[in-house]
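What follows is one structure encoded as structure tokens, with my remarks underneath.
The values are calculated or read from the model by the stated rules, or taken from the named source; none is laboratory data. Here the structure is a predicted model, which is why all the values come from computation and not from measurement. Heads up, the Cβs are rebuilt from the backbone with ideal geometry, glycines too, and the neighbour counts pull from every protein chain shown.
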Amino acid sequence: MPGRNASPSTTGSWRSNGSSGPRLATPPAPGSAAGDARDARVRPGSRTVHGGYRPGVRGSLAPPIFQTSVWVYGELEDYDAVARGDRPGHLYGRNSNENVAMLETALAELEGAEAGVATSSGMAAILVAVRALAPKPAPIVAPLDLYGGTLALFRNELEPAGYALRLVDFDDQGALRKALVGAGLALSETITNPLVRVADLPVVTRLAAELGVPVLVDNTFATPILCRPLELGATTVVHSVSKYIGGHSDLIAGVVLGSAALTADARRRSVLLGTTLGPFEAWLAVRGLRTLALRMPRHSASALQLAESLREAPGVNGVHYPTLSGVAQEEVSRRLLPDGAGGMLAIQLDGGRPAVQRLMERLRMTTFAASLGGVETTISHPEVTSHRALSAAERSALGIGPGTVRVSVGLEEPEDIVEDFAQALSP
């Protein structure tokens with residue numbers, strides 16, 4: 001990657017200037033260019049620590065918060081040059097902000113993308129990405145177990161606008177190929193929500209490429225620490241930054257990552273729709289990103305340990321985790337996720353909803369919360385949270401029943417997590 005001609009701003013990167021939108025035109029302080037840290041050989045763990053910010057520019061080791069909605073100019077030509085894109089800078093917070101640019105730069109580097117555009121939520125990221133990849137209404141191919149929120153977005157907003165959703169089993173190559181014929185976009189998830197099925201992305205992207213169909217991948221559950229879909233042939237990647245990237249259950253944000261041209265289109269749409277991200281949320285996300293490479297292995301190891309322990313737990317008739325020994329997707333999961341399969345798992349309880357309520361009441365350390373990816377272990381009930389928009393029959397067809405519990409495994413001591421579930425599930 002080029003790196004010695006980076007933009008003169010606080011948003012230092014391992015990439016050349018111009019990839020992630022406007023930048024604040026501030027000359028770098030002597031010796032602040034992060035030298036070897038911007039080398040392409042720097043590993044992902046180091047990129048999470050240093051990505052998106054060059055401390056020497058402002059004299060502040062920690063990124064400052066640019067809590068402003070507008071920037072001032074003394075010359076009309078300066079303003080006009082920034083508006084034309086001829087000069088780095090910011091004009092108005094709905095268009096860009098320095099903290100947002102830091103986040104976009106850092107995440108683009110981690111995913112190996114040319115550029116990124118941050119949005120006000122993960123759902124906003126999916127919306128602007130779909131509209132940028134398929135500007136005219138077209139059939140969109142997606143997995144049968146598509147995230148409930150994304151499904152609701154299609155049913156309530158995109159299908160009335162003319163888009164047609166084709167739901168198909170992505171493990172059935174014949175059915176997938178047939179569905180891709182004439183499609184405008186394929187939408188996949190690295191790891192599905194809530195039953196944590198892993199898409200064989202090299203197969204999906206190969207079949208789509210043969211038919212000229214772009215592929216959008218939601219990489220929220222894996223993060224770029226565990227999987228980088230662009231390296232597997234995906235066209236564009238989205239994240240709910242609210243989850244693992246932020247990592248502390250204290251922000252709502254999303255991001256679209258891909259080519260400079262694609263993200264420029266997505267940015268234009270986001271600005272017009274008003275789905276841009278605020279500076280404080282972006283600052284929180286960058287702070288969370290600093291520890292992502294440390295957190296994901298811990299989430300993954302603890303989730304696997306809990307999943308293994310729950311296989312023999314009373315009242316549990318099913319455990320879903322991608323790399324459990326003997327599960328149907330173990331081979332593809334280990335091949336695509338060699339460094340861990342993330343912190344999400346699901347269990348099936350005998351006794352349906354009353355059993356879920358009993359579990360909630362008996363857990364001592366673990367709490368019920370509808371989101372995921374934080375430092376604390378939480379449970380959720382898809383029937384009343386993420387998949388409530390589906391009918392009971394639709395949920396049942398996906399394997400989501402009244403006794404399905406999604407678990408977001410946190411960073412507590414793994415033995416304490418295991419013991420909490422063991423005592424809560426005991427007779």
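Listed by first and then second residue, the pairs linking a residue in the stretch 143-159 that is without any contact (Cβ under 8 Å) to a residue 24 or more places away in the chain to a residue that is surrounded by fewer than 20 Cβ atoms within 10 Å (Cβ to Cβ) and assigned to a helix (DSSP H, G or I), with Cβ atoms under 6 Å apart and 6 or more places separating them unless they lie on different chains, form an empty list. In summary, V130 fulfils each of the numbered conditions (1) over 30 Å from L185 (Cα atoms); (2) β-branched (V, I, T); (3) in contact (Cβ under 8 Å) with a residue 40 or more places away in the chain with the single exception of condition (1).
Look at the stretch 262-279: where a residue is touching a residue at least 60 places away in the same chain (Cβ under 8 Å) and a partner is of a type in the set (F, W, Y) and assigned to a loop (DSSP other than H, G, I, E, B), sitting 6+ places away or on another chain with Cβ atoms under 9 Å, you get P279/F66.
Among the residues of the stretch 213-264, count how many are assigned to a strand (DSSP E or B) and among the aliphatic types (A, V, I, L, M). I'd like the intermediate steps shown before the answer.
The initial filter retains those residues of the stretch 213-264 that are assigned to a strand (DSSP E or B), namely 215-218, 236-240, 254-258.
Checking which are among the aliphatic types (A, V, I, L, M) leaves us with 215-217, 237-238, 255-257.
Within the stretch 213-264, residues that are assigned to a strand (DSSP E or B) and among the aliphatic types (A, V, I, L, M) number 8.
Scanning the stretch 233-253 for residues that are touching a residue at least 60 places away in the same chain (Cβ under 8 Å) and over 24 Å from A301 (Cα atoms) turns up T235, T236, V237, V238, I252, A253.
I'd like to check which strands (runs of 3 or more DSSP E) are fully inside the stretch 315-413 and have at least 1 residues that are crowded, with 19+ Cβ neighbours inside 10 Å, under 20 Å from the mean Cα position of the chain (by Cα) and at pLDDT 95 or above. Reasoning before the result, please.
Working: elements: 316-320, 344-349, 378-380, 404-408.
Correct list: 344-349, 378-380, 404-408.
Would it be correct to say that A261 is closer than 16 Å to V117 by Cβ, in the same structural domain as G149 (by TED's automatic domain parsing), surrounded by fewer than 21 Cβ atoms within 10 Å (Cβ to Cβ) and of a type outside the set (F, W, Y)? Taking the combined requirement at face value, the residue satisfies it. What are the pairs, 6+ residues apart or on separate chains, where a residue within the stretch 100-125 that is on the phi < 0 side of the Ramachandran plot has its Cβ under 6 Å from a residue that is surrounded by fewer than 24 Cβ atoms within 10 Å (Cβ to Cβ) and charged (D, E, K, R)? So the pair list comes out as E109/R47; L110/R47; E111/R228. Taking each residue of the stretch 196-208 that is more than 19 Å from D145 (Cβ to Cβ) and looking for partners that are among the polar types (S, T, N, Q) and surrounded by 23 or more Cβ atoms within 10 Å (Cβ to Cβ) with beta-carbon atoms closer than 7 Å, six or more apart or interchain, yields nothing. The condition (being crowded, with 24+ Cβ neighbours inside 10 Å and outside the structural domain of R197 (by TED's automatic domain parsing)) is satisfied by just one residue among L272, L216, L289: L289.
Looking at the stretch 379-421, which of its residues are among the small types (G, A, S) and more than 23 Å from G340 (Cβ to Cβ)?
To start, the set of residues in the stretch 379-421 that are among the small types (G, A, S) comprises 380, 386, 389, 391-393, 396-397, 399, 401, 403, 408, 410.
Answer for the stretch 379-421, where residues must be among the small types (G, A, S) and more than 23 Å from G340 (Cβ to Cβ): A389, S391, A392, A393, S396, A397, G399, G401, G403.
Return a yes/no flag: does the stretch 159-182 have any residue that is within 18 Å of the chain's Cα centre (by Cα) and modelled with pLDDT of 95 or more. So far as the stretch 159-182 goes, no, none of its residues is within 18 Å of the chain's Cα centre (by Cα) and modelled with pLDDT of 95 or more.
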